[in-house]
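Report on one structure; see the data block that follows.
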Amino acid sequence: MGLTLAWSNEQDAIELRDEWIARLEQLLGLAGEAEGVTDGEVALTFVDDARIHELNREYRGIDRPTDVLSFAMQEGDEPDIVFDGLEDGESDPFSGMLGDIVISLERAKAQSEEYGHSLEREIGFLFVHGFLHLLGYDHQTAEEEAVMFAKQEAILQQAGLTR
């Protein structure tokens, strides 16, 4: 099966470029390889600041826009969703779903300008950051942040997305 990216665009402020999607598919492969994840699907949605603000408020209780949100399908030892009534030989339709990543392209653009690097690099950074969250990485402590950010930077460097 392999790792697959299913993406959608729910914003119209910034035109998506085909090469960005190709780059995100490359990053998914590199990140999966680095983490030993060979199968699964990641759903990626591009939104504007207003929509990510709504999602951030609803799911995290934080009343402001953010750059990226991740919603893991599998957390802990047991899946959250159990399917009853599957016929013999049928597989759980969500068993390969790693989760959803939502990126605000408006926020990504502003941050790329603030940090002085390309929008493509910022989108790549946010995507890899979101992907690592799907796998359970976090950055609540200095130690966790150091591990997560080192992994992100190594993947981005491998893909040639330098600052």
**Request:** For segment 4-14, just list the computed ³J(HN,Hα) in residue order, Karplus coefficients 6.51, -1.76 and 1.60, θ = phi - 60°, integers in Hz, with x standing in for Gly and Pro.
**Result:** 10, 10, 10, 10, 9, 10, 10, 9, 10, 6, 10
**Gyration tensor verdict on segment 1-60 (Cα atoms; rounded if a/c is under 1.5, prolate if a/b is larger than b/c, oblate otherwise)** = oblate
**Message:** Run lengths n ≥ 4 of DSSP H only: what is the helix-derived mean residue ellipticity at 222 nm for the chain, with -39500 (n - 2.57) per run over all residues, to the nearest 500?
**Reply:** -15000 deg cm²/dmol
**Item:** Principal-axis tilt of helix 105-115 within the chain, Cα atoms, nearest 10 degrees
**Value:** 50
**Request:** Compare Asp18, Asp39, Asp67 in a GNM of the chain, Cα atoms joined below 10 Å, and give the one with the largest fluctuation.
**Result:** Asp18
**Correct choice for Kirkwood radius over Cα pairs in Å that was computed from the model, options (i) 15.2; (ii) 16.6; (iii) 16.0** = (ii)
**Message:** Running a GNM on the chain with Cα contacts under 10 Å, which residue among Leu98, Leu134, Leu119 ends up with the highest mean-square fluctuation?
**Reply:** Leu119
**Prompt:** Quick one: putting +1 on the C-beta of Lys and Arg, -1 on the C-beta of Asp and Glu, what dipole do you get for the chain around its Cα centre, in Debye to the nearest 20?
**Reply:** 820
**Asked** Relative contact order for the chain: what is it in percent, counting Cα pairs under 8 Å that are at least 6 residues apart?
**Response** 26
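None of the figures in this text is laboratory data; all of them are computed from the coordinates on show. Just so you know, these numbers come straight off a predicted model, no measurement behind them. As a convention, Cβ positions derive from the backbone with ideal geometry for all residues, glycine included, and neighbour counts pool all protein chains shown.
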